[in-house]
Each structure stands twice: as C-alpha cells, then as structure tokens.
Amino acid sequence: LVRFEIDLAKSLTGNAHGGKKMTASVITDITNWQVNIPAPAEKFTFTPPEGVEEEVSKTPPESGPAVGEEAPSFTAPLVKGGEMSLAAHKDKEVVLLDFWATWCGPCRMALPVVNKLAEEFAGKGVVIYAVNQGEAPDVIQPFLNDQKLTLPVALDGKGEVGMKYGGGPIPRLYVIGKDGRIKALHRGYSKTLESELR
C-alpha cells in the first residue's frame, strides 16, 4: 500500500445538505499489517475476457540527444549572476550538465556527489553545471546554502534547455566532451554514481 485517498467534496457541499455546513472525520484502522509477504505468481496472472485480441505495444524511442551526438547549445543565467554558455567550453573543457530540482528526491541525493566532483575537478579541464528545472533563485539559493553546495547553478526557468535534452525524469546527467559531443548519459541516482562519473 502506497496511498489511499478519500474524496468527500461532493458529499460535503452545502447544496447536498440543505445549505448546512458539514464536516467529516475519517478514521482508518489497519490490522494484521505485514510486509514482504511472498506473493505467488498466480496472484499476478491476467486472464483476458473472451473475444479480445492481443496487441503488442512498442516502447517509444528515447527522446533527446543520444551518446555520440552533438550536445544542443544553449546559454542560461546563473543563480549567482552572470550567465553560462555551453559553446564557450568547446575545445577547452569537458562539461557535465546535471538537470535537477530541489523537490526531486533522487536529485537531492545526487547533488552532493556532483558538487564534490565540481570542487575536485575545478581548474582541471572539467566544468560542472547543475541546471535547475523551473525554480526561482529565491527557492534555489536557500537550498544550496542549507546543503553547503557550491557548484555553479544555471537557471532553466521555463524548462526549455531541459526539453532540448529530451525532457523526462530528473536527475539526468550528460557528460559532454571537448568536441561538443555527448560522451555519456546517466539517469537517476545510484550508489555507483560517483565512480561512473569519474
């Protein structure tokens, strides 16, 4: 069980009870709660009704640039002022882009790793940007301060840069070579993130 929700909006409207103000209290008792109970395979067997035909759906192709392709160029303001330009790093540095947001749990787990690498590789031919998706500086900066994160944060307020890179779930981390081509893509957070990025 992940969640259950009771919607009493229609039953509590004034018109439903002659204009009287109504309130409700919902109490749920869950008994015999057990976790990790083995579930036999037959519990997950689906028997279709008679007369239906099987149709095989195809997984849609990945959106956004793939490894080996040219990284979409962009400029973006930085949370602390100024702006960054991806093109400015071509033929000079390797660039890591980390698409993230403060509300994203896996992003919050990945950022300290990315920040550590940003500090370690500063001035060594690697530039790392955390590209925030859709949040304002007054939300981002307190979070950075609280988490003691110092890496440069680019603002993608309308998500336009994120869409150039395929949109979809975050975090998404792209390693872009000095030649401007995508060398690696990492989705989500894993315990091996640091070693993979290294």
Task: region 176-198 residues that are more than 19 Å from A101 (Cβ to Cβ) and among the polar types (S, T, N, Q), paired with ones that are part of a strand (DSSP E or B) and open to solvent by 50 Å² or more (accessible area, probe 1.4 Å) (beta carbon under 6 Å, 6 or more apart) - done: none
Task: The listed residue being at pLDDT below 95, over 26 Å from D91 (Cβ atoms) and β-branched (V, I, T), out of T192, T150 - done: T192
Open item on the list: Which count do you get for residues in region 89-118 that are free of Cβ contacts under 8 Å to residues at least 60 places away in the same chain and open to solvent by 30 Å² or more (accessible area, probe 1.4 Å)?
Closed with: 4
Open item on the list: Among the numbered criteria (1) modelled with pLDDT of 80 or more; (2) within 31 Å of the chain's Cα centre (by Cα); (3) not β-branched (V, I, T), which one does E53 miss?
Closed with: (2)
- [ ] Keeping to region 167-193, report how many residues are buried (at least 16 other Cβ atoms within 10 Å of the Cβ), under 12 Å from the mean Cα position of the chain (by Cα) and under 22 Å from E83 (Cα atoms).
- [x] 3
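How about region 70-88: which of its residues are open to solvent by 50 Å² or more (accessible area, probe 1.4 Å) and at pLDDT 95 or above?
Taking region 70-88 and keeping what is open to solvent by 50 Å² or more (accessible area, probe 1.4 Å), we get 70, 73, 75, 77, 80, 82-83, 87-88.
E70, S73, T75, P77, G82, E83, A87, A88, listed by residue number.
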TODO: Collect the residues in region 147-166 that are open to solvent by 80 Å² or more (accessible area, probe 1.4 Å) and at positive phi, keeping them in residue-number order.
DONE: K148
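The values are calculated or read from the model by the stated rules, or taken from the named source; none is laboratory data. Predicted, not measured: the structure shown is a model, and the values here were computed from it. Every residue, glycine as well, gets a Cβ built from its backbone with ideal geometry; the counts of neighbours run over all protein chains shown. To get the accessible areas, we keep the full protein, side chains included, count just its heavy atoms, and leave off ligands, DNA and RNA. Shrake-Rupley method; radii C 1.70, N 1.55, O 1.52, S 1.80 Å.
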